[in-house]
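Enquirer: I'd like to ask you about the structure that follows.
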Amino acid sequence: MKRGRRTARETALKVMFQVEIRGNREDRSGYFIENRKLPKDIKEYSEFLVKGIMENLKIIDRELSSSSKRDFSSLSPMEKTILRIAAFEITHGIEPAIAIDEAVELAKKYGEENSYRVVNGILDQFSKNYAS
């Protein structure tokens with residue numbers, strides 16, 4: 001399922017990124033995810049991530065903001081989206097080291113040159129705050 005979860009995260013990332021840049025919080029995730037040719041378990045995990053993040057967006061953003069030395073609003077839309085996915089996973093039973101590693105990989109693939117460093121630093125602090 002490791003490969004499947006990675007694909008599910010990428011699918012959720014694409015949906016959430018569109019929501020972030022368009023500023024449209026209307027839930028269109030189901031349509032996007034359902035129309036992709038993906039195995040059922042990947043679709044289900046993608047939907048779990050997107051819906052969970054959308055339902056808890058203010059809380060997630062507040063917790064990430066308090067874990068960041070930078071102003072959260074100054075982060076790129078891609079960085080915010082990656083951070084939200086990892087934070088949601090950490091708070092829903094995924095080992096922090098795994099969630100952070102996966103987020104760093106997403107940042108390397110989809111983010112700007114140094115996004116992975118930003119993501120790693122914020123999530124490291126987030127996981128410490130969450131554990132305490």
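Enquirer: Please identify the pairs in which a residue from region 55-71 that is closer than 14 Å to Glu89 by Cα has its Cβ atom under 9 Å from the Cβ atom of a residue that is charged (D, E, K, R) and surrounded by fewer than 17 Cβ atoms within 10 Å (Cβ to Cβ), counting only partners at least 6 apart or on another chain.
Expert: Pairs found: Leu57/Arg25.
Enquirer: Follow-up. When you check Ser115 against the structure, is it within 16 Å of Ile60 (Cβ to Cβ), over 13 Å from the mean Cα position of the chain (by Cα), surrounded by 14 or more Cβ atoms within 10 Å (Cβ to Cβ) and of a type outside the set (Lys, Arg), yes or no?
Expert: It is false that Ser115 is within 16 Å of Ile60 (Cβ to Cβ), over 13 Å from the mean Cα position of the chain (by Cα), surrounded by 14 or more Cβ atoms within 10 Å (Cβ to Cβ) and of a type outside the set (Lys, Arg).
Enquirer: Give just the number: which of (1) surrounded by fewer than 21 Cβ atoms within 10 Å (Cβ to Cβ); (2) at pLDDT 95 or above; (3) more than 24 Å from Gly4 (Cα to Cα); (4) among the β-branched types (Val, Ile, Thr) does Ile122 not satisfy?
Expert: Failing condition for Ile122: (1).
Enquirer: Turning to a different aspect of this structure: Among the numbered conditions (1) in contact with a Ser or Thr (Cβ under 7 Å, 6 or more places away or on another chain); (2) under 22 Å from Lys14 (Cβ atoms), tell me where Gln125 comes up short.
Expert: Among (1) in contact with a Ser or Thr (Cβ under 7 Å, 6 or more places away or on another chain); (2) under 22 Å from Lys14 (Cβ atoms), Gln125 violates only (2).
Enquirer: Of all residues being at pLDDT below 85 and closer than 13 Å to Lys51 by Cβ in region 15-25, which is surrounded by the most Cβ atoms within 10 Å (Cβ to Cβ)? Just the residue, please.
Expert: Val19
Enquirer: Can you pull out the residues in region 69-111 that are in a helix (DSSP H, G or I), surrounded by fewer than 20 Cβ atoms within 10 Å (Cβ to Cβ) and among the polar types (S, T, N, Q)?
Expert: Result: Ser73, Ser74.
Enquirer: Still on this structure: Find the residue count for region 40-68, including only residues that are of a type in the set (A, V, I, L, M) and either under 26 Å from Ser132 (Cβ atoms) or assigned to a loop (DSSP other than H, G, I, E, B) (or both).
Expert: Going through region 40-68 one residue at a time, the tally reaches 6.
The values are calculated or read from the model by the stated rules, or taken from the named source; none is laboratory data. Keep in mind it's a predicted model, so treat the numbers as computed, not measured. Neighbour counts run over all protein chains shown; Cβ positions are idealised from the backbone, glycine included.
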